[in-house]
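One structure below.
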Amino acid sequence: MAARRNQVYLVTGGCGFLGWHLVKMLVERSEGEIAEVRVFDLYLDDKMRHLGTGTENVVQACVDHGVQYLIYTSSMEVVGPNVKGDHFYRGNEETDYNINHVKPYPQSKAAAEALVIASNGKQVKDGKQLNTCILRPTGIYGEKHELMRTFYEQGLKMGRRVFRVIPASTEHGRVYVGNVAWMHLLAARKIQESPSAIGGQAYFCYDNSPYLSYYDFNMEFLAACGFRLIGSRPLVPYFILFLVALLNELLQWLLRPFFCYAPLLNKYTLAVASTTFTVETDKAERHFGYKPLYSWDESKARTINWIKAFDGEHSKEQ
């Protein structure tokens, strides 16, 4: 069974970081099989904010309109890192791990995954069948990544210096956004060609990006703009970071009635940053032929060029 031609693709969250790259990938590499790409995003229609649980609405829309294929973008945080600090070292989709969710984001993603898996094989309009699969990116990076821009702006305030606060031995898996988009396209093709082959399955998104700590990985890009990483070891003891994270959460709770205070450092983000979580798998390659479209060198160069663009704008303002 070949992938169907002249399909209509709907990208939810199409104005976001990954969504923008996915739309671009679909348009540029559809090879004629796509008739139309539609973008759905809250930024396009603020009235949609009244909707309830997003994934439930998406699944119900598939049922009501006879949609047969759903690729759900999840997150590595459905698995971990957990707040207990248990390391996930070169794990894969079958690795046994002590999953422990305490924050709304991973809890909601886990619930959504369960719903999407349960919906695989569900009957939809006109007697058709819904086929679903799940993709779990590790830490995504690349052009238009607002968190990377935040790191850049923080470093500027410190005189183009980044101070190490997490040990270099704490590694995290990262994946380039273009490769995540490419995996989505390949999964979409495969689920049409052979629904039973990947229906109901979950896949980590991965490529050849190096396993490094968050600080060392970010410096792979920021160094090109004259940033320096200060310290071969953490400059701040862990217990002080924990106290700051605790204070941030207390302030967030106290200020909630007045405005949204959302500090980067809280107990959860500290646990994530301090826990090794790296993925080593070939499941996506075995199941639907995925291989990274962009090498590490190309992914790095594209990201650096993007950072240099707004770094140049900043320099002109000085």
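Numbers for the structure displayed
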{"quantity": "Top-ranked residue of segment 214-229 - restricted to ones that are touching a residue at least 60 places away in the same chain (Cβ under 8 Å) and surrounded by fewer than 16 Cβ atoms within 10 Å (Cβ to Cβ), ranked as farthest from GLY85 (Cα to Cα)", "calculated": "GLY226"}
{"quantity": "Of all residues making up segment 109-137, the number that are part of a helix (DSSP H, G or I) and either within 29 Å of SER295 (Cβ to Cβ) or not small (Gly, Ala, Ser) (or both)", "calculated": "7"}
{"quantity": "Test: residue in segment 24-35 that is of a type in the set (Val, Ile, Thr), modelled with pLDDT of 85 or more, within 21 Å of CYS133 (Cβ to Cβ) and surrounded by 16 or more Cβ atoms within 10 Å (Cβ to Cβ)", "calculated": "no"}
{"quantity": "Candidate set: segment 230-260, residues that are more than 20 Å from ALA168 (Cβ to Cβ) and touching a residue at least 12 places away in the same chain (Cβ under 8 Å); chosen: the one least open to solvent (accessible area, probe 1.4 Å)", "calculated": "ALA245"}
{"quantity": "Residue match in segment 138-154 (condition: surrounded by fewer than 15 Cβ atoms within 10 Å (Cβ to Cβ), among the β-branched types (Val, Ile, Thr) and either assigned to a helix (DSSP H, G or I) or at pLDDT 90 or above (or both))", "calculated": "yes"}
{"quantity": "Answer residue from segment 155-185, given it is part of a helix (DSSP H, G or I) and open to solvent by 20 Å² or more (accessible area, probe 1.4 Å) and is modelled with the highest pLDDT among those", "calculated": "TRP182"}
{"quantity": "Flag if LYS125 is open to solvent by 60 Å² or more (accessible area, probe 1.4 Å), out of contact with any strand residue (DSSP E or B) (no Cβ under 8 Å at 6 or more places or on another chain) and under 19 Å from VAL180 (Cβ atoms)", "calculated": "no"}
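The values are calculated or read from the model by the stated rules, or taken from the named source; none is laboratory data. The structure displayed is predicted, hence computed values, not measured ones. Because the Cβ atoms are built from the backbone with ideal geometry, glycine has one as well, and the counts that use them run over all protein chains shown. Calculation scope for accessible area: heavy atoms of the full protein, side chains included, ligands and nucleic acids excluded. Shrake-Rupley method; radii C 1.70, N 1.55, O 1.52, S 1.80 Å.
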